[in-house]
Structures are given as C-alpha cells and as structure tokens.
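Step one of this worksheet: look at the structure below.
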C-alpha cells in the first residue's frame, strides 16, 4: 500500500490516486542435477490493485542452469 494516495511509484505505472498497489506471489524450484550442475525455475505473479488502470495480472518466468567449478 502507498503511504499517501497521491504518491508516485518508481515505475510510474500506478498513477491513480489510490493507496492499494496490489499483491504478488513468487515461487522457486531448484533441482541439483549433479554436484556442480543445478537447474532452476522462478515464477512471479503480480495482481495489481486499485492504483493501476490496467488491472490484468502480470506473469514472470525465468529458467536457467548453474555450473559451479
């Protein structure tokens, strides 16, 4: 939530004079394939609140491999 309704947010997306910004959820999955190799998947979901004009949910997915040597 915003402290004051008129306060801007860094990205400039929440322009409406409302205090409710929204909710977010993050989930991570990590799998160690070998001693020095692992695989990961990160997922994030943001559900905008009343301060946003566009109230559609925003999804983020990131995958990758870590190699340690």
Next item on the list: Test residue 68 against the criterion of being modelled with pLDDT under 95, on the phi < 0 side of the Ramachandran plot and surrounded by 10 or more Cβ atoms within 10 Å (Cβ to Cβ), and give yes or no.
Entry: no
Next item on the list: Scan segment 44-69 for residues that are within 15 Å of residue 23 (Cβ to Cβ) and not in a loop (DSSP other than H, G, I, E, B) and jot them down.
Entry: 44, 45, 46, 47, 48, 58, 59, 60
Next item on the list: Just give me the residues in segment 17-39 being in a strand (DSSP E or B), closer than 30 Å to residue 6 by Cα and either more than 20 Å from the chain's Cα centre (by Cα) or modelled with pLDDT under 90 (or both), in sequence order.
Entry: 22
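The values are calculated or read from the model by the stated rules, or taken from the named source; none is laboratory data. The structure presented is a predicted model; accordingly, all values stated were derived computationally and were not measured. Heads up, the Cβs are rebuilt from the backbone with ideal geometry, glycines too, and the neighbour counts pull from every protein chain shown.
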